[in-house]
1. With a probe of 1.4 Å, find how much accessible area the chain has per residue, and write the answer as a whole number in Å².
2. Can you compute the modelled spin-label distance between Asp119 and Gln331, with each label point 7 Å from Cα toward Cβ, in nm?
3. Relative to the longest principal axis of the C-alpha atoms of the chain, give the angle of the C-alpha long axis of helix 252-286, reported between 0 and 90° and rounded to the nearest 10°.
4. What does the charge dipole of the range 209-331 about its Cα centre add up to, to the nearest 20 debye, if the Cβ of each Lys and Arg holds +1 and the Cβ of each Asp and Glu holds -1?
5. For every helix of n ≥ 4 consecutive DSSP H residues, a contribution of -39,500 (n - 2.57) applies; sum these over the chain, divide by its total residues, and give [θ] at 222 nm rounded to the nearest 500 deg cm²/dmol.
6. Calculate what fraction, in whole %, of the accessible area of the chain sits on carbon and sulfur atoms when a 1.4 Å probe is rolled over the protein chains.
7. Below 18 Å, Cα to Cα, which aspartates and glutamates can Lys263 reach? Residues fewer than 8 away in the same chain don't count.
8. Could you check the simple spin-label distance between Ala248 and Thr226, using points 7 Å along Cα→Cβ, in nm with one decimal?
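The values are calculated or read from the model by the stated rules, or taken from the named source; none is laboratory data. What you are looking at is a predicted structure, and each value in this text was computed from that prediction instead of being measured. Every residue, glycine among them, receives a Cβ derived from its backbone with ideal geometry; neighbour counts consider all protein chains shown. Heads up: the accessible areas ignore ligands, DNA and RNA and are worked out on the full protein's heavy atoms, side chains in. Shrake-Rupley method; radii C 1.70, N 1.55, O 1.52, S 1.80 Å.
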Amino acid sequence: MQKSNRPFRQRAGSVLTAAALTLIVGSAQATDWDMPTPYGDSNFHTVNIRQFADDVREATDGELNITVHSSGSLIKHPEIKNSVRRGLVPIGELIMSRLANEDPLFEVDSVPYLASDYDEAWKLWQASKDILSKRLEGQRLKLLFSVPWPPQGIYTQFEVKTGEELKGVKMRAYNKSSEKLAELLGAIPTQVEVPDIPTAFGTGRVDAMITSPSTGANTRAWDYLTNFNHAQLWLPKNMVVVNAKAFANLSEEEQKAVEDAAKVAEKRGWEASKAETETKIKIMQDNGIEVSEPSPELVKRLQKIGKTMTQEWLDRAGEDGQALLDAYHKQ
Ligand code: PCA
């Protein structure tokens with residue numbers, strides 16, 4: 001630090017050329033934001049967020065410079081929300097349903113079969129966006145944009161026919177809903193973050209998982225699993241949140257640049273997510289994973305579980321939950 005300060009002090013004491021002055025003043029005003037994200041570089045969410053950062057940099061002529069730290073490398077997934085809230089970092093990404101423990105409304109996108117294709121997921125997002133933004137505002141967080149994962153399915157080391165086969169299986173989960181679903185199927189859930197998936201399978205901590213074709217392909221599921229059941233349970237969403245004070249400290253033009261880039265990123269992210277399902281299923285098939293549609297028995301079992309979980313969710317989410325569901329069904 002001292003070393004790099006010295007030339008500045010020396011120069012400041014002498015007569016500065018106009019160019020040198022612009023350089024110093026310009027760089028003194030530029031804002032650098034570190035942005036932790038939970039998922040790997042090849043994941044489409046991360047690719048989308050890097051593009052968002054580039055768009056912001058370009059629109060502000062380098063005045064707002066967002067550096068993305070992927071794979072939980074700067075801050076681990078469970079800590080990202082509170083780190084942004086406390087201002088340790090100004091901006092971050094996380095999966096929305098991770099906040100289920102503080103408020104059930106945040107896991108509405110992970111209730112089985114409530115919204116299990118892109119049209120429904122979009123309607124659910126339109127019906128829930130305002131109330132979720134308000135809840136976050138109460139924590140001095142600004143919700144910038146949200147992008148879904150492809151539909152969730154079940155990965156195993158054997159073929160799932162009726163769902164009976166899942167009893168006693170150690171199943172990797174990533175939020176409360178996937179944990180509950182595993183339990184209702186008679187499996188034994190364990191929470192594992194995406195960067196830890198290969199180790200969890202390698203060490204035998206888990207032997208099945210619930211996730212998307214995206215995460216299956218990104219974590220090379222074929223190295224430790226043989227079957228993917230494309231059950232299309234739900235489409236959980238990631239969100240990007242910014243600390244309200246950090247946002248307020250930006251100039252008006254910078255705020256607009258961030259909001260504009262966020263709008264574009266949301267649209268681009270939804271498109272990328274849709275395209276992922278097919279391309280990633282193909283990659284898995286090419287690598288030897290057997291992909292199947294759920295049998296009528298399995299669908300019946302999962303739908304029954306979905307009903308139970310919807311009711312349980314409503315019991316917890318109360319009037320606001322009911323209002324959200326009503327708004328969703330009216331879309
Ligand atoms: N991938 C993330 C969240 C949902 C998904 O498809 C995960 O498995 O943790």
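1. Details: 15710 Å² over 331 residues.
Computed with neighbouring chains in place, this is 47 Å² per residue.
2. My value for the distance between the label points is 1.3 nm.
3. 40
4. Dipole of the range 209-331, to the nearest 20 debye: 300 debye.
5. Working: 11 runs with 165 residues, N = 331.
After summing the helix terms and dividing by the residues of the chain, the value is -16500 deg cm²/dmol.
6. Numbers: 7870 of 15710 Å².
That share works out to 50 percent.
7. Asp54, Asp55, Glu58, Glu93, Asp130, Glu252, Glu253, Glu254, Glu271
8. Taking the two extended label points, one gets 5.9 nm.
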